[in-house]
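The values are calculated or read from the model by the stated rules, or taken from the named source; none is laboratory data. What you are looking at is a predicted structure, and each value in this text was computed from that prediction instead of being measured. Backbone-built Cβ (ideal geometry, glycine too); neighbour counts: all protein chains shown. The area values use the complete protein model at the heavy-atom level, side chains included, leaving out ligands, DNA and RNA. Shrake-Rupley method; radii C 1.70, N 1.55, O 1.52, S 1.80 Å.
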Amino acid sequence: MDDKKLRIYGQLTISSISFACFYLSSVLEESISLWKLLIYINVTTFIVWESLRLGILLARRMYPQIQQTKQRLVCVAIITLVIVAIFPYVKFGFGDLLQLYGPGQPAGGPIPLYAFLRIVGQNIFFCLFIAAVYEAIYFFE
């Protein structure tokens, strides 16, 4: 599958939407480093996209037929749920590594429930979009 352009432009689009909708206020109001935030958003978007892409390719290998679309979608849904459940920890760990919120913030502490749920919601939305695009391409091919 040649999805190089989709991967590049898709990840840039999701990173841009994520920055504008969820993180712009962090730069404007909380004086977070713009460069650290851009690195953070692009790397975490890359990780989610590529993880989900691998899951989608696995589901296609397991259920390649058009008649197996339901099974393939269930498999992708399960993979998406696993990614969405694990990813907030990855995201907070990477934010700690970059000292995104400054050196005075404690690293590795418990993730606040609201922040956890916000990341889960963002990732569900983006993963559903990514999976729908890949499934539509697969269907039409």
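Values (i) 16.5, 55; (ii) 14.9, 48; (iii) 13.8, 39 are given for comparison; Rg and Dmax of the Cα atoms in Å, derived from the coordinates here, is the one labelled (i). When the residues W49, W35 are ordered by accessible surface, computed with a 1.4 Å probe over the protein chains alone, the sequence from largest down reads W35, W49. A simple spin-label model places pseudo-atoms 7 Å from Cα toward Cβ; at A132 and V120 they are separated by 2.2 nm.
Rolling a 1.4 Å probe over the protein chains gives K4 an accessible area of about 140 Å².
Length gained on full extension, F94 to L58, computed as 0.36 nm times the residue gap minus the Cα-Cα distance: 10.3 nm. The phi torsions of segment 85-95, fed into the Karplus equation with coefficients 6.51, -1.76 and 1.60 and a -60° offset, translate into couplings of 6, 8, 4, x, 5, 5, 5, 5, x, 5, x Hz, rounded to whole numbers, with Gly and Pro shown as x.
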